[in-house]
Amino acid sequence: MQAITVAIVDVDQENRMQLEQSLQEEKGKIEVLREIASDFDRMVERRLAPRTELTLVENIIARIKRLKPRVLLVNTRRLPDVTDDLLTTLRKQCPETLILLLIDNTVGERMFMKALINGACGYLEDNVDASSLSKAVCAVDKGEAWVPRRMLAKIMDKILFSSHIPS
């Protein structure tokens, strides 16, 4: 069985490292892709360094295209101004990458619904434990949505009341 490749978009390096450590507990099952390994030479570091002429979204997209993860964890709390643009661009340019959002409890239902429309496969709260994070990554990899049960009814209402089913 091939490991699920995962990349993390989080501008908070400490939080990113914690997420990486949580996922690394699933050796053989999940492989965390990093942008720069500690033993890479200077040339590789320079190639992977953020390019100043690119926007944040363009930089993230360029890295995701290089890494080609199966699942991408995006911490929306630290990227609130670019999340919609990032999701839309990822859906167009990296359709094989499945997006799982990490959100804080202040994110509203409207923002999450918009994220689903823009290509997110689900979400977790950003203080998620290692076990739940691993389960969510595995579920999304299998094509499942990862949303709390309390959101399912709201999603179904949105689908049923916004679509017109012919009689």
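The values are calculated or read from the model by the stated rules, or taken from the named source; none is laboratory data. Owing to the predicted nature of the structure, the values given are computational and were not obtained by experimental measurement. For neighbour counting, all protein chains shown are included, and Cβ atoms are generated from backbone atoms with ideal geometry for every residue, glycine included. With ligands, DNA and RNA removed, areas are computed over all heavy atoms of the protein, side chains included. Shrake-Rupley method; radii C 1.70, N 1.55, O 1.52, S 1.80 Å.
If I filter the stretch 67-89 for residues that are on the phi > 0 side of the Ramachandran plot and part of a loop (DSSP other than H, G, I, E, B), do I get at least one hit?
Yes, some residue in the stretch 67-89 is on the phi > 0 side of the Ramachandran plot and part of a loop (DSSP other than H, G, I, E, B).
For the stretch 108-141: of the residues being β-branched (V, I, T) and part of a helix (DSSP H, G or I), which is farthest from A3 (Cα to Cα)?
The residue in question is I117.
Table: residues versus (1) open to solvent by 70 Å² or more (accessible area, probe 1.4 Å); (2) at pLDDT below 80; (3) not small (G, A, S).
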residue: A7; (1), (2), (3): no, no, no
residue: L19; (1), (2), (3): no, no, yes
residue: D41; (1), (2), (3): yes, yes, yes
residue: R51; (1), (2), (3): yes, yes, yes
residue: R70; (1), (2), (3): yes, no, yes
residue: Q93; (1), (2), (3): yes, no, yes
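Go over the candidates M156, M151 one by one and state the one that is surrounded by fewer than 18 Cβ atoms within 10 Å (Cβ to Cβ), touching a strand residue (DSSP E or B) at 6+ places or on another chain (Cβ under 9 Å) and at pLDDT below 80.
Result of the check over M156, M151: M151.
So T106 fits all but one of (1) open to solvent by less than 10 Å² (accessible area, probe 1.4 Å); (2) over 13 Å from V57 (Cβ atoms); what number is the exception?
It fails just one condition, (1).
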